[in-house]
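See structure below.
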Amino acid sequence: MVKDENDMDRGKRPGNFLGTWNSKLHLDLKGIIRENALPFLPAKSLVRFQCVCRDWKLQISTPFFAHNQSLSCHDVSGCIHQIPGGPPTFVSADPITCGVPDPLLRFLPEPVDIRSSSNRLLCCQGQAGDKPYYICNPVTQQWKKLPKPIADHGYQPAIVLIFEPSLLNFEADYKLVCAFPSADFGDATEFEVYSSKEGSWKVSGEICFAAVHIDPRSGVYADGVVYWKGKSLLCFDVTKDRSQVRNSFMHGILGTIDGKLCVVSINSQTLTMNVLNNAYSNTMEMSSRTRMWKATEKVILDKGLLNGSSNQSILFARSNLLLIRSGGELFSYDWRIKELKAMGEASYHRTEMVCLPYVNSFASL
């Protein structure tokens, strides 16, 4: 029996429709992953995912995607640390997904000391000659040598790198802020700022005459202000070009959480975080009940997970990640998911090394 041509068409339509619908769903899912998931992944994972298919390879290798990823990927991927006299080393929070091609930074033209990090970029200083500053991205191995500063920043400069990626700016726009002892006013502190937009250094007219004696490695940038700790808290507003000393300072290490300044301390496995609540408490009336700091977190860690050691110290607190040294081990603590993880050995004393957070990103110089 010969079937009617229309009957044959009707018999094919359901199958064709289902196949077309599945194909469309597959294409939509690929597009969703490509546009809404890939930019949030760390750079090491993306390099591996270039092998998934030709479309992903083309997508990940474009300058626009690299820029988008540098804006979207915010989580701290690990730390870059250095013992005096030794090469830098990268310790990953997740070795499978996060890493850098050359942890020793051998792509730079000379051996360097790491000084500061901000989001996706790293500030280093040469160990010989004029000891120039370098800005680099360890993932892409791009770097730039900066001109010589006007002022003498000293043997261990109190320098802070500021890098906030912009949606409309494909080139990195960053600043370096250094607090240095005044050569003319005794215990006073002066400030020098480098702007990548201007390509030059400028000594600020602002002078802090208080004898604060800051820790040069304590510098943190939050919400337009650079902070250094000493007996008091030294603050420098980058936009207003003004400094201030705040006497209401809590014990602990300076860090940032959700873009705000925080102070984190550890005592007998108890983590305590205080966030800057009012930056102007120094100028308020004595009777005011407004406090400068607000306690936001208190976490009791499992002593067994910390190898039972009673000797703990915090190395840094940035964004989602807190790095803890306990005995001879490094541990990371993620504030968001409340998870403590072992990261490896730490056979050195906290005061003998520099330890900086790093975000695994394609940020371009």
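The values are calculated or read from the model by the stated rules, or taken from the named source; none is laboratory data. All values reported here derive from a predicted model rather than from experimental measurement. In this analysis, Cβ positions are derived from the backbone assuming ideal geometry, glycine residues included, and neighbour counts consider all displayed protein chains. Side chains included, ligands, DNA and RNA excluded: accessible areas come from the protein's heavy atoms. Shrake-Rupley method; radii C 1.70, N 1.55, O 1.52, S 1.80 Å.
Beyond 22 Å between alpha-carbons counts as too far, so tell me which of Lys57/Lys145; Lys148/Lys197; Lys145/Lys229 fall in that bin.
Checking Cα-Cα distances, Lys57/Lys145; Lys145/Lys229 exceed 22 Å.
Beyond a 19 Å Cα-Cα separation, which of these cross-linked pairs lie in this structure: Lys175/Lys240; Lys260/Lys298; Lys131/Lys231?
On the way: Lys175/Lys240 14 Å; Lys260/Lys298 17 Å; Lys131/Lys231 29 Å.
In this structure, Lys131/Lys231 lie more than 19 Å apart at Cα.
If Lys148, Lys57 are ordered by their accessible area, calculated over protein heavy atoms with a 1.4 Å probe, which sequence runs from highest to lowest?
On the way: Lys148 145, Lys57 115 Å².
The most accessible residue leads, giving Lys148, Lys57.
Given a Förster distance of 30 Å, report the FRET efficiency between Asp241 and Gln142 from their Cβ-Cβ distance, rounded to the nearest 0.05.
Values: r = 30 Å, r/R0 = 1.00.
Between Asp241 and Gln142 the formula returns 0.50.
Between Gln50 and Asp334, what is the spin-label point distance in nm, taking each point 7 Å from the Cα along the Cα→C-beta axis?
Placing both labels 7 Å beyond Cα along the Cβ direction yields 2.6 nm.
Heavy-atom accessible area of Glu297 with all protein chains present, probe 1.4 Å, nearest 10 Å²?
60 Å²
How do Arg318, Arg217 stack up against each other in accessible area, from largest to smallest, with a 1.4 angstrom probe?
Arg217, Arg318
Calculate the length of the line joining the C-alpha centroid of the range 114-129 to that of the range 133-188, in whole Å.
Using only Cα atoms, the two centres lie 8 Å from each other.
For the pair Thr296/Asp258, report the inter-label distance in nm, with labels modelled 7 Å from Cα in the Cβ direction.
Label at Thr296, label at Asp258, 0.5 nm between them.
If you stretched the chain out fully between Asn278 and Lys202, how much longer would it get, using 0.36 nm times the residue separation minus the C-alpha to C-alpha distance?
24.4 nm
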